[in-house]
Amino acid sequence: MAGVVPTQLSGIPVLVLKEGSTRSRGKEAQRANITAAKIVAETIKSAFGPKGMDKMLVDSLGDITITSDGATILDEMDIQHPAAKIMVETAKTTDDEVGDGTTSVVILAGELLIKAEALLDNKIHPTIIVDGYKKAAAKSLELYDEIAINISATDQEALKKIAMTAMASKIVREYRGHLADLAVDAVLKIAEKENGEYKIDIDDIEQLKKDGESLTGTKLIEGMILEKEVVHPGMPKRIDNAKVALIDSALEVEKPEFDTKIHIESPAMMKVFMDKEEQMMKEMANKIVNAGANVAICQKGIDEVVQHFLARNGVLAIRRAKQSSMEKLAKATGGRVVTSLDDLTEESLGRAGLVEERRVGDDKWVFVEQCKNPKAVTILVRGGTEKIVDEAERSIHDALSVVRDAVLRPKIVAGGGAPEMDIASRLKEWAEQLSGREQLAALGFAEALEVIPKTLAENAGLDPIDILVELRSRHEKGEKWTGVDVFSGKVTDMSELDVYEPLAVKEQIIKSASESSCMILRIDDMIASAKTKMPPMPPGGPGGGMPPGGMPGMPMYLIFPFFSTLSRHGLCESQ
């Protein structure tokens, strides 16, 4: 519908929206939004579960991404529809909050909208559906908390099972035992307990990727890896029992901020000037050595003369380290970043068992490791190809996230669609107590939860109807951890298979899926502004009819770059 209101005043149409704007209202808008969200859910449905398929995503530049990670798939897709973008944001928020469950949340949100569509066909108002969904979501969270299993926050066996479950649907699943051990060790290294509660910042675990070797070559470094090499060939390439100076100032004679001139009348004066400059740089090196440091990591530049004096004193030095690396080095080594060499003391130095330059593939990197109590660590991710390494990094991120979730809130549930079936069964009994049409919405919410085991069965090539019927029967008998074993193709007790997921992930899926579906259902009017049009080309082409010499009085250096830019882009023929 055009941006014109039909009402006329004295025969004159009243323009409210910008010309070219579109508007859809009522059922038309609702159907369009629900359809767009359903398409997004259908797109990533086949990637769900251990037997899910991978997606190959090719961007506008031809770069290829191969993954089964829901958040990555949606992020790489160039989605335009506003309602579909809500689904993308839902997956991204879930990924940011708990790090896993991105595919599940989109599938569940899509199924909730399918159930809502059926209710809309039965003349049930969207507000009633939304109210029913919200009550059912709140009850689901209560039921999840009731059936959850309490674990110890430092139970490495339980945490490993959680990490392995998170990687079961990834390309790297054959190596998930090794990668899960690394994820658990990394999270427990950086976990800090304050007032009986743990604090964990995943950003303190850095992942560095390098293709080559195999995934079994992935390892945890109790410290940091710097993608730098030693600055001077005369410096040692290995330092045991390192004392690390972290410096945030340039180790060189800085140029003054204002223009200066030095008047030199004889060679002797020149020699005095150069000797003084050398003496200043020697003093910089001596301050580092006198503080007891045998490793110097500088965030800024290091002059060649300073490098020479440091090399003579057996100090290993690195320059132009990233600020983020400096902050993590301080956490890993227990040192303090100093902004002036005058503040450098033995107490400010970090400690590491080994600092060594090693060749990794074609590059030389410096490893700072064997830190006693590191609060920042590094995982060096290896793999046969670049695509494998990229997917391994995403998989390890998911594993790190779920381990963090379980440490912060030590409650878990079994996987394989078992908790969803159990919650669905209990929700149906609870929904019967509701009065009015909200009961139908709550029942729809319960039925929507069954999409998780149903999708697992479909992607494993099983009959989803037979699986759901058997699951309902088993859960009615009280077998709450019975789920879909996609490898055997049978309905099994998932706790016996050590398939566990954090309660925090399940709760986030319920919250995000219900909120996003309710948001879409409440929209009954969609107004789209007209796209901005490019201004028309001025007469005479790109130059606007400007004479060859330009406007009178215009300097030529303003014209030449303009035409050279046009020429580079093929918009102007070279003369």
Legend entry - Criterion violated by K123 - all others in (1) in a loop (DSSP other than H, G, I, E, B); (2) buried (at least 21 other Cβ atoms within 10 Å of the Cβ); (3) more than 18 Å from the chain's Cα centre (by Cα) satisfied: (2)
Legend entry - Test: residue in region 187-202 that is touching a His at 6+ places or on another chain (Cβ under 9 Å) and either outside the structural domain of L497 (by TED's automatic domain parsing) or over 20 Å from R394 (Cα atoms) (or both): yes
Inset, instruction - Collect the residues in region 208-220 that are in a helix (DSSP H, G or I) and surrounded by fewer than 16 Cβ atoms within 10 Å (Cβ to Cβ), keeping them in residue-number order. - result: T216, G217
Legend entry - Out of I39, I79, I34, I66, sole residue that is buried (at least 19 other Cβ atoms within 10 Å of the Cβ) and modelled with pLDDT of 85 or more: I34
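Residue-wise test of (1) in a helix (DSSP H, G or I); (2) more than 23 Å from M164 (Cα to Cα); (3) at pLDDT below 90.
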position: A180; (1), (2), (3): yes, no, no
position: A186; (1), (2), (3): yes, no, no
position: K189; (1), (2), (3): yes, no, no
position: E206; (1), (2), (3): no, no, no
position: I225; (1), (2), (3): no, yes, no
position: K228; (1), (2), (3): no, yes, no
position: H232; (1), (2), (3): no, yes, no
Inset, instruction - Filter region 451-478 for residues that are of a type in the set (D, E, K, R) and surrounded by 18 or more Cβ atoms within 10 Å (Cβ to Cβ) and give the result. - result: K454, E458, R474
Legend entry - Which numbered condition H125 fails, given (1) in contact with a Ser or Thr (Cβ under 7 Å, 6 or more places away or on another chain); (2) not assigned by TED's automatic domain parsing to the domain that holds K387: (1)
Legend entry - Close pairs (9 angstrom Cβ cut-off, 6 or more residues apart or separate chains): exposed (fewer than 13 other Cβ atoms within 10 Å of the Cβ) in region 189-207, among the hydroxyl-bearing types (S, T, Y) and at pLDDT 90 or above anywhere: E192/Y198; D203/S324
Inset, instruction - List every residue pair whose Cβ atoms lie under 8 Å apart, where the two residues are 6 or more positions apart in sequence or sit on different chains, the first residue falls within region 252-266 and is under 25 Å from V306 (Cβ atoms) and of a type outside the set (D, E), and the second residue, located anywhere, is surrounded by 10 or more Cβ atoms within 10 Å (Cβ to Cβ) and modelled with pLDDT under 70. - result: I262/F273; I264/F273
Inset, instruction - Determine whether region 474-494 contains at least one residue that is hydrophobic (A, V, I, L, M, F, W, C), more than 28 Å from V403 (Cα to Cα) and either part of a helix (DSSP H, G or I) or in contact with a strand residue (DSSP E or B) (Cβ under 9 Å, 6 or more places away or on another chain) (or both). - result: no
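Per-residue answers, yes or no, for (1) touching a residue at least 40 places away in the same chain (Cβ under 8 Å); (2) in contact with a helix residue (DSSP H, G or I) (Cβ under 7 Å, 6 or more places away or on another chain); (3) more than 30 Å from K189 (Cβ to Cβ):
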residue: D248; (1), (2), (3): yes, yes, no
residue: M270; (1), (2), (3): no, no, yes
residue: M274; (1), (2), (3): no, no, yes
residue: E278; (1), (2), (3): no, yes, yes
residue: N286; (1), (2), (3): no, no, yes
residue: N290; (1), (2), (3): no, no, yes
residue: N294; (1), (2), (3): yes, no, no
residue: M326; (1), (2), (3): yes, no, no
Inset, instruction - Counting only residues that are hydroxyl-bearing (S, T, Y) and either touching an Asp or Glu at 6+ places or on another chain (Cβ under 7 Å) or modelled with pLDDT under 95 (or both), give me the strands (runs of 3 or more DSSP E) lying completely in region 282-386 with at least 1 of them. - result: 377-383
Legend entry - Residue that is outside the structural domain of I452 (by TED's automatic domain parsing) and not in a helix (DSSP H, G or I), where the choices are K51, K18: K18
Inset, instruction - Residues being acidic (D, E) and under 26 Å from K287 (Cβ atoms): count how many of those fall in region 330-389. - result: 6
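The values are calculated or read from the model by the stated rules, or taken from the named source; none is laboratory data. Everything quoted here is computed from the prediction, not taken from an experiment. Cβ coordinates were reconstructed from backbone atoms using ideal geometry, including for glycine residues, and neighbour counts include every protein chain displayed.
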